[in-house]
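Data block below; observations after.
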Amino acid sequence: GENVEQHPSTLSVQEGDSAVIKCTYSDSASNYFPWYKQELGKGPQLIIDIRSNVGEKKDQRIAVTLNKTAKHFSLHITETQPEDSAVYFCAAPLYNFNKFYFGSGTKLNVKP
Amino acid sequence: EAQVTQNPRYLITVTGKKLTVTCSQNMNHEYMSWYRQDPGLGLRQIYYSMNVEVTDKGDVPEGYKVSRKEKRNFPLILESPSPNQTSLYFCASSLSSGNSPLHFGNGTRLTVT
């Protein structure tokens, strides 16, 4: 099956700094790469996703970049705020899209 | 409001006592799936369903059953729970399989003693 590795497992930044979380995947046929944010006591929520026909996508302070050759994609959060503190998960589907594989999660702590 | 509803939110039970966790979505989604979340392991897929009466195993199906008799409902059944099934469980749905965003419920924390 797909193997999705996510780094780092924890990340602590000062408010206003940038945060970058990286994921690698193994199935070269994967073509959809979402990022989810999980706040305490809640289910994961999609914050941004990218398809393999583009290399970068931005939504205000959040961006995702994709390098299909190297099989990795990254989440970039600029001007971090305390409300960005949460656990972030990357994911990639198996080529037949029936199964999703998640990274092990990154706990982001934004210090005021 | 579009949502995935899981019940119960918390459940404490004993080894061997059958239980069901319900999941319902109101978005007319084709695809539904169950995950378990354990520290350091992320979310692992238990079972998924492409449509009514179509279900298949994920990566960790042992000890679990599911059914999809109606499009909106996808219950998770533990016939004989064991302590290693103590975990946080999430139900999710999406428009169509793994190429569209997943919508998650708020989770069910299960403890098996």
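The values are calculated or read from the model by the stated rules, or taken from the named source; none is laboratory data. What you are looking at is a predicted structure, and each value in this text was computed from that prediction instead of being measured. With ideal geometry, Cβ positions are generated from the backbone for all residues, glycine too; neighbour counts draw on all protein chains shown. Note: areas computed on protein heavy atoms with side chains; ligands, DNA, RNA excluded. Shrake-Rupley method; radii C 1.70, N 1.55, O 1.52, S 1.80 Å.
Chain A contacts chain B over a buried accessible area of about 1800 Å², both sides summed; the probe is 1.4 Å and only protein chains count.
For B:Glu53, A:Glu56, the ranking by accessible surface with the largest value first comes to B:Glu53, A:Glu56, using a 1.4 Å probe. Taking Cα centre as origin and charging only the Cβ of basic (Lys, Arg, +1) and acidic (Asp, Glu, -1) residues, the dipole magnitude of chain B rounds to 280 debye. Residues of segment A:72-112 buried by at least 10 Å² of accessible area upon assembly of all protein chains, compared with the chain on its own (1.4 Å probe): A:Phe89, A:Phe97, A:Asn98, A:Lys99, A:Phe100, A:Tyr101, A:Phe102, A:Ser104.
Would you mind telling me the share, in percent, of accessible area of segment B:16-81 contributed by carbon and sulfur at probe 1.4 angstrom?
Numbers: 1460 of 3050 Å².
The computed percentage sits at 48.
Need one value: the accessible area of A:Tyr101 in square angstrom, 1.4 angstrom probe, rounded to the nearest 10. Approximately 30 Å² of A:Tyr101 is accessible to the 1.4 Å probe. Taking the dipole about the Cα centre of chain B, with the C-beta of Lys and Arg at +1 and of Asp and Glu at -1, give me whichever of B:His29, B:Asn7, B:Phe104 is farthest to the positive side. Value: B:Asn7. With the convex hull of the Cα atoms taken as the outline of the protein assembly as shown, the averaged projected area works out to 12.1 nm².
Taking Cβ atoms as reference points and 14 Å as the exclusive limit, the residues near A:Asp84 contribute a net charge of -2, counting Lys and Arg as +1 and Asp and Glu as -1.
Counting only protein heavy atoms and a 1.4 Å probe, chain A has 48 square angstrom of accessible area per residue. Computed over protein heavy atoms with a 1.4 Å probe, the accessible surface of segment B:53-113 works out to 44 Å² per residue. When the other protein chains are added to the chain by itself, burial of at least 50 square angstrom of heavy-atom accessible area (probe 1.4 Å, ligands and nucleic acids ignored) affects these residues of segment B:97-113: B:Gly98, B:Asn99, B:Pro101, B:Leu102, B:Phe104. Measuring max minus min along each principal axis, the C-alpha atoms of segment A:1-85 give extents of 36, 25, 20 Å (largest first).
The residue among A:Ile47, A:Thr80, B:Leu76 whose Cα reaches farthest toward the positive pole of the charge dipole of the protein assembly as shown, with charges on the beta-carbon of Lys, Arg, Asp and Glu, is B:Leu76. Once all protein chains are placed together, B:Asp56 keeps about 80 Å² accessible to a 1.4 angstrom probe.
Rolling a 1.4 Å probe over the protein heavy atoms of segment A:1-46, with every protein chain left in place, gives an accessible area that is 46 percent carbon and sulfur. Structure note, pairs A:Lys42/A:Lys107; A:Lys37/B:Lys69; A:Lys22/A:Lys57; A:Lys99/B:Lys18; B:Lys17/B:Lys65; A:Lys42/B:Lys18: Cα-Cα distances above 20 angstrom occur for A:Lys37/B:Lys69; A:Lys99/B:Lys18; A:Lys42/B:Lys18.
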